[in-house]
Every structure is written in C-alpha cells, then in structure tokens.
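Just below is one structure, and these are the notes that go with it.
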Amino acid sequence: MRAVFVDANAALRTLAERIGPRTVPELAIGFGAPGPDPSTLPSLLGGAGIAVIDHTALPIDVARRCVGLRDVVFLGTGARSYMDPEALAGIGISVHVIKGYGDTAVAECTIGLLFAAARGFAAMDSAMRRGQWRRSEGMQLGGKTLGLIGFGGIAAEVARLAQGLGMKVLAWNRSARAFPGVEFVAVERLLAESDAVSMHLLLTDETRGFLTRERIAALKPGVLLVNTARGALVDEAAMIDALETGRIGHAGLDVFETEPLPAGHPLAALDNVTLSAHSGFRTPEANERLVEAAFAHCRRIVDDTARSPA
C-alpha cells in the first residue's frame, strides 16, 4: 500500500527520508511549507491508500475525489482543525491522530509564555529595539495560583513544572482525574481564584468556544491567560475586549482562531499580548517522536490490510 506525506517541511522531510523507507517502503514525500492547495490532493496522492498530513486541510468534497484513499495519519491531535473525521469516516476514510509525542515540548512552551505574560518581556524587547527604555513591573509566579482547563498529558507536565516554581495548581477536566498536588475543582472556582489560566482542552464540538464571554467576565481581574491548545477554544472577540480593558492582564498565545494570523489582526496591536506561531510542539526531540509514531502507525495499517481477506 502506498503512502504519501503531502506536506513535509524541511525538518520533517529530513526525518521522513530517514525513518519512512524502513517502515513504509512505498512512501512518497511531497511539498513543504506552506503545503499544497487542498484541491490538488487527489492528483498528489495518485491513488495512494494512506495520506500523512501535517497541516493541510482535507475538505470532504476533496476527499471524495481521492480515489483509493482509506486512511489519514494526522501529525498531532488537532485533526479537527483541518478536517471532519466523522464525515470522512462516512465515506470510508479513517483519521488517525498521534498523541503524547510533544507533551514536554508544549508544556515548556506553556511555561515560557506564562513567564512572558507575567513579565512583559516582548513589549520591553520591542520598545528597546525602538530606542526606548521601557521597564515594566511584572507578576511573580511563585505563590500564585495556576488554573488548568483540561487535564491530559500536556497539562500534567505543566502542573509538574508549575509546582516546581512554587505555584498552587487548580484543574478542571470533563472527566475525573487525579494528579499529585493538583486540586480538581469546578470551573467556576478555577476562573474566580486563578492568577493565571492555561487552556488544555481538545477541540471538539462541545469544547469549541469553551471560554465564553461570560466565563471571561468571571476571571480574576488582571489574570494571565495562556493558550497552547487551540485558538477556537476561546471566544476571540471577547478575549480581545478583555485585554483592552485589562480584565485579562496579559495573554500568551501560541494558537489562533485563524492561522496564520492575518496581517493587521487586532491581537498584533496589543502590548499585553505575546504571540507565538503555533510552535509549541516544534522541537527536534518532539519531531522525531512524531515522525517515528506516524510511520509506525502507517506500518500497522499496511500490515492490517495485508492480513485482511480480499
């Protein structure tokens, strides 16, 4: 069974060329950033049974024209930002995601953005590059309360790191969880008591827009907000309003409702926002684990297909 990696960037291509052939002999690697136009996928795949996708959208109307496509291996957990897994399943295409490969990388990004939000480094850096000496007073994180909305592998790593900084950690999750030193509470209490809030939910129909205007209004005044999960988890317009009024003291954002962030976006005009280009999971260590896991999954699909009766 043929597999095509449709949108490998330079770093992923190097890994794919080294790892891919020993696990998936019939592998083609195409395109780089910014990746192919989705409308070209039927010809790019050329009848391949497996598509490995990093960041290219796969609309259902395009998928219907991808003759022979049966499996999509998405590099990460956020496939819903690029495709509709249920709709694809309805036409016989299974979507597979890769979990756990970048928990440490994203957690470290989260803590980095938390520090940036607490101390205003980006604004000071920008001012100094313009010849201005702009010293700001920040928030000391030790002794403060961090609220984690959603609690999977990344949030667990964030909790561990935050505890090392001397922070109290509250968490809310849709299902029961337990973790040493973390107090699981109702979301209302988390919003009211947290000095900093970090988003860690998967994006689903139920979690889209989870941090509503009403929930943002319930945040502690001056709260720090960090989002390394998905931009659509937060009501973006309400967040911008809260940043402008100071209800949110500073936001550290690695993800956005529209990516790449459009030129002239209101967030780019705010001094109390630190912006990162959805790079939390991009480290050499995480990339290697990601590519290894993706092609191991491709190998299982090939083997399962070979064992299935004709």
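Listing for the model above:
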read-out: Filtered residues of the stretch 217-235 (kept if in contact with a strand residue (DSSP E or B) (Cβ under 7 Å, 6 or more places away or on another chain) and either part of a helix (DSSP H, G or I) or assigned by TED's automatic domain parsing to the domain that holds M83 (or both)); value: L233
read-out: Selection status of E292, among the acidic types (D, E) and under 22 Å from A186 (Cα atoms); value: no
read-out: Criterion: surrounded by 16 or more Cβ atoms within 10 Å (Cβ to Cβ) and farther than 30 Å from E26 by Cβ - qualifying residue of V291, V302, V273; value: V273
read-out: Q163 vs. criteria within 17 Å of F184 (Cα to Cα) and of a type in the set (S, T, N, Q); value: yes
read-out: Condition met for M199 (more than 21 Å from A159 (Cα to Cα) and under 19 Å from the mean Cα position of the chain (by Cα)); value: no
read-out: Any chance T207 is of a type outside the set (A, V, I, L, M) and assigned to a strand (DSSP E or B); value: no
read-out: Hits in the stretch 197-231 (condition: aliphatic (A, V, I, L, M), at pLDDT 95 or above and either within 24 Å of R80 (Cβ to Cβ) or out of contact with any helix residue (DSSP H, G or I) (no Cβ under 6 Å at 6 or more places or on another chain) (or both)); value: V197, M199, L201, L211, I216, A217, V223, L225, V226, A229
read-out: Helices (runs of 4 or more DSSP H) within the stretch 27-119 that include 3 or more residues crowded, with 22+ Cβ neighbours inside 10 Å and touching a residue at least 60 places away in the same chain (Cβ under 8 Å); value: 103-119
read-out: Check on T14, under 26 Å from R282 (Cα atoms), free of Cβ contacts under 8 Å to residues at least 60 places away in the same chain, assigned to a helix (DSSP H, G or I) and polar (S, T, N, Q); value: yes
read-out: Number of the condition not met by D303 [criteria: (1) in the same structural domain as A107 (by TED's automatic domain parsing); (2) free of Cβ contacts under 8 Å to residues at least 40 places away in the same chain]; value: (1)
read-out: Residue in the stretch 125-137 that is surrounded by 18 or more Cβ atoms within 10 Å (Cβ to Cβ), at pLDDT 95 or above and either not in a helix (DSSP H, G or I) or not assigned by TED's automatic domain parsing to the domain that holds E257 (or both) present; value: no
read-out: In the stretch 129-148, the residues that are of a type in the set (A, V, I, L, M, F, W, C) and under 14 Å from V223 (Cα atoms); value: M139, L141, L146, L148
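The rows are residues; the columns are (1) over 25 Å from T104 (Cβ atoms); (2) surrounded by 13 or more Cβ atoms within 10 Å (Cβ to Cβ).
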| residue | (1), (2) |
| --- | --- |
| A162 | no, yes |
| A171 | no, yes |
| A196 | no, yes |
| D205 | yes, no |
| A232 | no, yes |
| M239 | yes, yes |
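The values are calculated or read from the model by the stated rules, or taken from the named source; none is laboratory data. Note that the coordinates shown come from a computational prediction; the quantities given were computed from them, not determined experimentally. In this analysis, Cβ positions are derived from the backbone assuming ideal geometry, glycine residues included, and neighbour counts consider all displayed protein chains.
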